[in-house]
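Each remark here refers to the structure printed beneath this line.
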Amino acid sequence: MRTSYAHTLAICFLLLVLLFLHCSKGPQPMTLEFRLAQLEPGEGLTEMTFAPTGETLYLHDEVLIGNTDIASASAITWQDRQVVDLRFTAEGKEKLARLTGEHVKERVGMLVDGRLLSAPMINAPILEGRAIIDGDFSQEETLRIATGIQAGLPSEQP
């Protein structure tokens, strides 16, 4: 009887250790990419479907903004919607201003781990170094995306 009790305690201890190790890994890092997007196919463009609308977009291969350009990512509520708030590094702020200044009335695809999450029209230059990813997300999904992007940032950033 004592052997099975000790055996059960050992198994419980092992399961607790495994659970702790799994939970202590933290969020899985995610890759963020901003790429120009258009409605018409063309040579060298990658076809993607924007899942929420079923719309087909064609993305340029060049990554104009990536993880190294982001200072922080967080999940917030904005205009009664769950969104990912992005704050840019000094260099990222310059890239965002250049991207949005040179491509007004064009679309930019925002991809996380290769999945097209948002593809807004650029209406005006964004100069303040802050942007949001709005994709009709649940609160849990927004938090998962934000913590994943944050985990994927270079370690010297906050």
| note | Listed by first then second residue, the pairs whose first member lies in segment 139-154 and is buried (at least 18 other Cβ atoms within 10 Å of the Cβ), whose partner is assigned to a helix (DSSP H, G or I), with beta carbons under 7 Å and at least 6 positions apart or on separate chains, are Gly152/Asn67; Leu153/Asn67
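Let's see how each residue does on (1) within 15 Å of Gly66 (Cβ to Cβ); (2) free of Cβ contacts under 8 Å to residues at least 60 places away in the same chain; (3) of a type in the set (S, T, N, Q):
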{"site": "Phe88", "(1), (2), (3)": "yes, yes, no"}
{"site": "Gly92", "(1), (2), (3)": "yes, yes, no"}
{"site": "Asn123", "(1), (2), (3)": "no, yes, yes"}
{"site": "Ile126", "(1), (2), (3)": "no, yes, no"}
{"site": "Arg130", "(1), (2), (3)": "no, yes, no"}
| request: Taking Arg107 as the residue in question, decide whether it is farther than 18 Å from Ile70 by Cα and either at pLDDT 95 or above or of a type in the set (S, T, N, Q) (or both). | output: yes
| task | Mind telling me which of the residues Leu15, Leu45 ends up being at pLDDT below 85 and not small (Gly, Ala, Ser)? | result | Leu15
| task | Six or more apart or on different chains, Cβ under 6 Å: which pairs go from a residue in segment 43-71 that's in contact (Cβ under 8 Å) with a residue 24 or more places away in the chain to one that's assigned to a helix (DSSP H, G or I) and of a type in the set (Lys, Arg)? Could you list them? | result | Ile65/Lys95; Asp69/Lys95
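The values are calculated or read from the model by the stated rules, or taken from the named source; none is laboratory data. Computed from a predicted model, the values in this text were never measured in an experiment. For neighbour counting, all protein chains shown are included, and Cβ atoms are generated from backbone atoms with ideal geometry for every residue, glycine included.
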